[in-house]
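Inspection log for the structure reproduced underneath, given as structure tokens.
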Amino acid sequence: MNEPGTCYDGYGTHTNCTCAPGFNGPTCSNDIIICNPTTCLNGGTCYNGYDAYTNCTCAPGFDGPTCSNDIYYCTPTTCLNGGTCYDGYGAYTNCTCALGFNGPTCSNDIIYCNPTTCLNGGTCYDGYGTKTNCTCAPGFNGTTCSNDINYCTPTTCLNGGTCYDGYGTYTNCTCAQGFNGTTCSNDINYCTPTTCLNGGTCYDGYGAYTNCTCAPDFNGPTCSNDIIICNPTTCLNGGTCYNGYGAYTNCTCAPGFNGPTCSNDLNYCTPTTCLNGGTCYDGYGAYTNCTCALGFNGPTCSNDIIYCNPTTCLNGGTCYDGYGTKTNCTCAPGFNGPTCSNDINYCTPTTCLNGGTCVDGYGTLLSCICSLGTGGTSCADSVLPLSVTVGAVVGSALLSLLVIAGAICCAIYQTRSKQKYNITKELNSMNISGGELQLENNEAYISLSAQTHLKQDTTILNADTHMTP
């Protein structure tokens with residue numbers, strides 16, 4: 001070991017020490033602490049030695065003077081079951097485990113079995129690593145027991161039944177009609193009291209098949225068909241035949257007939273069949289014929305024939321149709337009679353005054369032929385006499401003729417056609433012969449010939465009357 005310092009003698013008793021590295025003090029007796037936080041690395045502990053010497057005690061996983069060397073701790077047995085070792089900091093190692101293992105050294109075999117590992121009631125057994133093994137329940141197979149084994153075979157369901165594979169070993173049979181049971185082996189008896197109708201006898205056949213032996217007058221698969229006994233001559237006169245039970249038939253008769261076969265023709269005539277006195281004759285079936293009384297027609301004589309026509313009521317009368325052939329006339333004023341043909345004579349002793357002659361006209365029309373010296377509508381007026389010379393042959397007769405012409409003119413103004421008739425009638429009544437009546441422009445003209453004879457001379461002329469010889 002080196003001396004910690006070198007002494008140099010000084011002045012008098014004074015000495016001076018030059019200290020070796022790692023020491024200080026007047027006599028170099030003080031060992032300087034060289035350790036600091038960076039002296040020993042990676043968590044190593046520094047211990048101060050003699051002189052400038054230091055010593056490091058390294059943390060696990062490190063070595064070297066300053067603990068700077070990270071020792072490699074991975075070995076083939078550090079990580080088990082195929083795990084991969086990764087050297088860590090210091091003595092630390094890290095294992096990346098293979099599938100199916102875990103733990104610091106991959107020593108733990110993970111259990112992969114869970115409730116869904118093996119399906120359909122299978123039992124799970126954990127294998128090496130990620131491997132699992134399933135023991136399947138009956139009716140299932142496959143790695144996870146997911147495959148439902150089809151247990152249907154051609155002989156599972158009998159008699160044409162259809163097999164449906166169920167859960168596990170279970171199968172279900174849908175049986176053909178006429179069979180039942182788990183495997184459709186049971187042939188159902190389909191005969192019932194209503195299988196064969198109308199007294200038929202039922203025999204059960206294969207499956208749903210039944211056979212009926214029918215009673216007489218019935219046929220069909222279930223004896224439901226009542227054999228039709230009806231024929232064109234069963235029901236007469238258009239009756240409709242309805243087949244009854246068995247050999248029985250029923251007739252619905254056409255109107256007008258009755259009886260079991262519709263042979264009876266009913267008499268449809270009643271007191272009210274033909275109206276208004278008509279005579280009823282019973283025809284074929286419901287048909288009746290009416291012979292109507294005069295004035296009526298129609299199928300039942302209900303129609304009262306209208307006998308009114310334009311010539312039934314004359315002179316403007318109104319016709320009202322009565323019962324049967326009867327008609328009733330409401331006559332216009334001045335007429336009466338059954339057909340209004342009678343022109344009422346409205347002349348009375350007081351119609352024309354002062355000896356005037358009343359001439360009855362058409363309907364209610366009247367005219368007066370006034371005596372000499374009178375005039376007006378009723379001859380109540382006094383007028384001057386009018387002298388007319390017609391020659392030696394005519395004389396005073398001409399004057400009478402002029403008076404007649406005046407009356408004719410008055411009548412013409414009332415009803416021209418009727419007046420002409422009445423004037424001619426009046427001339428004849430006065431024994432005037434050889435004269436000719438002419439009507440022009442509402443004026444009356446009488447032409448006289450040399451043979452004209454007048455036997456009445458007490459007449460006058462109205463103002464508008466003209467006479468031509």
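The values are calculated or read from the model by the stated rules, or taken from the named source; none is laboratory data. If you're wondering where the values come from, they're calculated on a predicted model, not measured in any experiment. Positions of Cβ are generated from backbone atoms using ideal geometry, with glycine treated the same way; all protein chains shown enter the neighbour counts. In case anyone asks, the SASA skips ligands and DNA or RNA and just uses the protein heavy atoms, side chains included. Shrake-Rupley method; radii C 1.70, N 1.55, O 1.52, S 1.80 Å.
Counting only residues that are without any contact (Cβ under 8 Å) to a residue 24 or more places away in the chain and buried (at least 18 other Cβ atoms within 10 Å of the Cβ), which one in the range 321-346 is farthest from the chain's Cα centre (by Cα)? First the steps, then the outcome.
At the first step, the residues of the range 321-346 found to be without any contact (Cβ under 8 Å) to a residue 24 or more places away in the chain are 321-322, 327-331, 336-338, 342, 344-346.
Filter again for buried (at least 18 other Cβ atoms within 10 Å of the Cβ), leaving 327, 329, 331.
Values: Thr327: 58, Cys329: 60, Cys331: 64 Å.
That would be Cys331.
Taking the range 251-270, which residues are assigned to a strand (DSSP E or B), polar (S, T, N, Q) and open to solvent by less than 70 Å² (accessible area, probe 1.4 Å)?
Result: Thr252, Asn258.
Only one of these is without any contact (Cβ under 8 Å) to a residue 24 or more places away in the chain and closer than 30 Å to Cys157 by Cα: Pro221, Pro232, Pro260, Pro271. Name it.
The unique qualifying residue is Pro221.
In this structure, is Ala208 surrounded by 14 or more Cβ atoms within 10 Å (Cβ to Cβ) and either in a loop (DSSP other than H, G, I, E, B) or of a type in the set (Asp, Glu) (or both)?
Spelling it out, it is not the case that Ala208 is surrounded by 14 or more Cβ atoms within 10 Å (Cβ to Cβ) and either in a loop (DSSP other than H, G, I, E, B) or of a type in the set (Asp, Glu) (or both).
Restricting to the range 180-213, give me the number of residues that are hydrophobic (A, V, I, L, M, F, W, C), within 46 Å of the chain's Cα centre (by Cα) and closer than 19 Å to Asn225 by Cβ.
Residues meeting the conditions: 2.
Residues of the range 95-126 being free of Cβ contacts under 8 Å to residues at least 12 places away in the same chain and part of a loop (DSSP other than H, G, I, E, B), which ones?
Answer for the range 95-126, where residues must be free of Cβ contacts under 8 Å to residues at least 12 places away in the same chain and part of a loop (DSSP other than H, G, I, E, B): Gly103, Pro104, Asn114, Pro115, Thr116.
Can you tell me which condition Leu41 does not meet? The list is (1) over 30 Å from Gly103 (Cα atoms); (2) in contact with a strand residue (DSSP E or B) (Cβ under 7 Å, 6 or more places away or on another chain); (3) of a type in the set (A, V, I, L, M, F, W, C), and all the others hold.
It fails just one condition, (2).
Thr77 fails exactly one of the following numbered conditions: (1) of a type outside the set (A, V, I, L, M); (2) modelled with pLDDT under 85; (3) loosely packed, with under 11 Cβ neighbours inside 10 Å. What is the number of that condition?
Result: Thr77 fails condition (2) only.
Can you tell me which residues in the range 153-184 are in a strand (DSSP E or B), of a type outside the set (Phe, Trp, Tyr) and either open to solvent by less than 60 Å² (accessible area, probe 1.4 Å) or over 26 Å from Cys136 (Cα atoms) (or both)?
Selection gives Thr162, Cys163, Asp165, Thr171, Cys173, Thr174, Asn180.
For the range 82-97, what are the residues that are at pLDDT below 90 and open to solvent by less than 60 Å² (accessible area, probe 1.4 Å)?
Residues satisfying the conditions are Asp87, Gly88, Gly90, Ala91, Thr93.
If you take the residues in the range 31-43 that are within 29 Å of Thr84 (Cα to Cα) and touching a Ser or Thr at 6+ places or on another chain (Cβ under 8 Å), which one is most open to solvent (accessible area, probe 1.4 Å)?
First, pick out the residues of the range 31-43 that are within 29 Å of Thr84 (Cα to Cα): 41-43.
Then drop every residue that is not touching a Ser or Thr at 6+ places or on another chain (Cβ under 8 Å), which leaves 41-42.
On the way: Leu41: 71, Asn42: 47 Å².
Only one residue tops the list, namely Leu41.
Need pairs with beta-carbon distance below 6 Å; first residue on the phi < 0 side of the Ramachandran plot and without any contact (Cβ under 8 Å) to a residue 12 or more places away in the chain and within the range 240-251, second open to solvent by 70 Å² or more (accessible area, probe 1.4 Å) and assigned to a strand (DSSP E or B); sequence gap 6+ or separate chains.
Close Cβ pairs satisfying both conditions: Asn250/Tyr242.
Counting just the residues of the range 225-242 that are open to solvent by 70 Å² or more (accessible area, probe 1.4 Å) and among the polar types (S, T, N, Q), which one comes out farthest from the chain's Cα centre (by Cα)? Quick ask: steps written out before the conclusion?
First, pick out the residues of the range 225-242 that are open to solvent by 70 Å² or more (accessible area, probe 1.4 Å): 225, 228, 231-233, 236, 242.
Going one step further and asking which of them are among the polar types (S, T, N, Q), we end up with 225, 231, 233.
Working: Asn225: 40, Asn231: 44, Thr233: 47 Å.
Of everything passing the filter in the range 225-242, Thr233 is farthest from the chain's Cα centre (by Cα).
Under 7 Å by Cβ, and 6 or more places apart or on different chains, what pairs join a residue from the range 57-79 that is over 27 Å from Cys106 (Cβ atoms) with one that is exposed (fewer than 14 other Cβ atoms within 10 Å of the Cβ) and not hydroxyl-bearing (Ser, Thr, Tyr)?
Asp63/Ile71
Need pairs with beta-carbon distance below 8 Å; first residue under 19 Å from Thr66 (Cα atoms) and within the range 25-43, second of a type in the set (Val, Ile, Thr) and in a loop (DSSP other than H, G, I, E, B); sequence gap 6+ or separate chains.
Once the first residue is under 19 Å from Thr66 (Cα atoms) and sits in the range 25-43, its partners that are of a type in the set (Val, Ile, Thr) and in a loop (DSSP other than H, G, I, E, B) give Thr39/Thr66; Cys40/Thr66; Leu41/Thr66.
For the range 19-30, enumerate the residues that are open to solvent by 70 Å² or more (accessible area, probe 1.4 Å) and not in a loop (DSSP other than H, G, I, E, B).
Correct list: Asn30 only.
Specify the residue that is least open to solvent (accessible area, probe 1.4 Å); the eligible residues are those in the range 292-320 that are farther than 30 Å from Asp343 by Cβ and not in a loop (DSSP other than H, G, I, E, B).
Phe296
Out of Thr273, Thr279, Thr325, which single residue is at pLDDT 90 or above and β-branched (Val, Ile, Thr)?
After ruling out the rest, the residue left standing is Thr279.
May I ask you to list the residues in the range 98-115 that are surrounded by fewer than 15 Cβ atoms within 10 Å (Cβ to Cβ) and more than 27 Å from Thr143 (Cα to Cα)?
Result: Pro104, single match.
Mind listing whichever residues of the range 271-291 are in a loop (DSSP other than H, G, I, E, B) and either over 16 Å from Gly322 (Cβ atoms) or open to solvent by 60 Å² or more (accessible area, probe 1.4 Å) (or both)?
Those that are in a loop (DSSP other than H, G, I, E, B) and either over 16 Å from Gly322 (Cβ atoms) or open to solvent by 60 Å² or more (accessible area, probe 1.4 Å) (or both): Pro271, Thr272, Thr273, Cys274, Leu275, Gly277, Gly278, Gly283, Tyr284, Gly285, Ala286, Tyr287.
From the list Thr377, Thr279, exactly one residue is out of contact with any strand residue (DSSP E or B) (no Cβ under 6 Å at 6 or more places or on another chain) and of a type in the set (Val, Ile, Thr). Which is it?
Going through Thr377, Thr279 in turn, the sole match is Thr377.
Has the range 185-205 got at least one residue that is under 30 Å from Asn147 (Cβ atoms) and either assigned to a loop (DSSP other than H, G, I, E, B) or open to solvent by 40 Å² or more (accessible area, probe 1.4 Å) (or both)? I'd like the intermediate steps shown before the answer.
To start, the set of residues in the range 185-205 that are under 30 Å from Asn147 (Cβ atoms) comprises 185.
Filter again for either assigned to a loop (DSSP other than H, G, I, E, B) or open to solvent by 40 Å² or more (accessible area, probe 1.4 Å) (or both), leaving 185.
Yes - at least one qualifying residue is present in the range 185-205.
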